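The structure appears below as structure tokens.
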Amino acid sequence: MSSDTFTIEIRAIDGDTVELLCTTGTAGGYNDLAVTRSFVLMALEDGMPHTRTTPLQQRLVELGGGDMPPLWEAEFHREHVGEFIASTELVERIGIITDQRAWADGRFSSEDEVGERDYPLHRFVVRARMADPRWLVGVKVGSRYGTTAFDAWWDDPTRPSRARLAAVERQATRWRPAKKTAVKKTAVKKTAVKKTAVKKTAAKKTAAKKTAAKKTAAKKTAAKKTAAKKTAAKKPAAKKTAAKKTAAKKPAAKKTAVKKTAAKKTAAKKTAVKKTAVKKTAAKKTAAKKTAAKKTAVKKTAAKKTAVKRAAKTTA
């Protein structure tokens, strides 16, 4: 394990401004970062030639009395850092590790290539404005090297504010365990495949239903047309049959009427005969009664006469 706190890559130089892409090492916290002028001064000097021939190195040796001064002490920076660097700014953070235990287990148990790919180190970008552009002589864009630099003067009054640090952190990307991410991606792909398959199946079923419906409609239309033709062919025969039946039924109706009239006449005759018979019977009975009455009267008259004669004889 390296003792370097960070790996520095010079990303850009523009006049008196330099951008450092810093990768957090594993010697300290996995999400560590440094943002002060003391850190940038130490990091820049670590990337310069060991011959100490650059303007920045020569001035530092001068301040150190012929040797490199104690850049790890806050007191030195409190007195001299302003001569070299005017200000610093935290630009961005990349890949903040949210699950450090899972990250460490994966990083240290994987081959280097796999570890770098699936368990990347936390990174951040610091932009520094130099007090004089000449202090950047010897610094080359694209150079990459390790450093033990840190925030030696933590309480530097020019350090980025807490609000700025929090804003950058909110916008930062996050690292999540590779396995979970892979599982999620696989699940998403499977879900997408299933949805696509369902859509295709539904589309096929819909198309099949539409085709079947069209065929059924066509069959029904053809059947209707055939039935219509058959009906049209049968209609004249039906009319003729109906006409025949009507014609056949009409005489029956007349016969029925004749029968009914004859029945009525017969009934009337029978009624008249009965009435006549009744009347005759009644007349006979009346005549018989009258005859009987007459006979009785005659008998009574004859009896009286006989009685009178007998009485006369007796008297004589």
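Every number in this text was worked out from the coordinates using simple rules, so none of it is lab data. This structure is a prediction, so every number in the text was calculated from the model and none was measured. Backbone-built Cβ (ideal geometry, glycine too); neighbour counts: all protein chains shown.
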Worksheet entry | GluC sites (Glu not before Pro) lying in DSSP loop within the range 98-138, provided at most 16 other Cβ fall within 10 Å | Glu111
Worksheet item: How would you order 52-62, 82-92 from highest to lowest mean count of nearby Cβ atoms within 10 Å?
Response: 82-92, 52-62
Worksheet item: From the square roots a ≥ b ≥ c of the eigenvalues of the alpha-carbon gyration tensor of the range 1-145, which class results: rounded (a/c under 1.5), prolate (a/b over b/c), or oblate?
Response: prolate
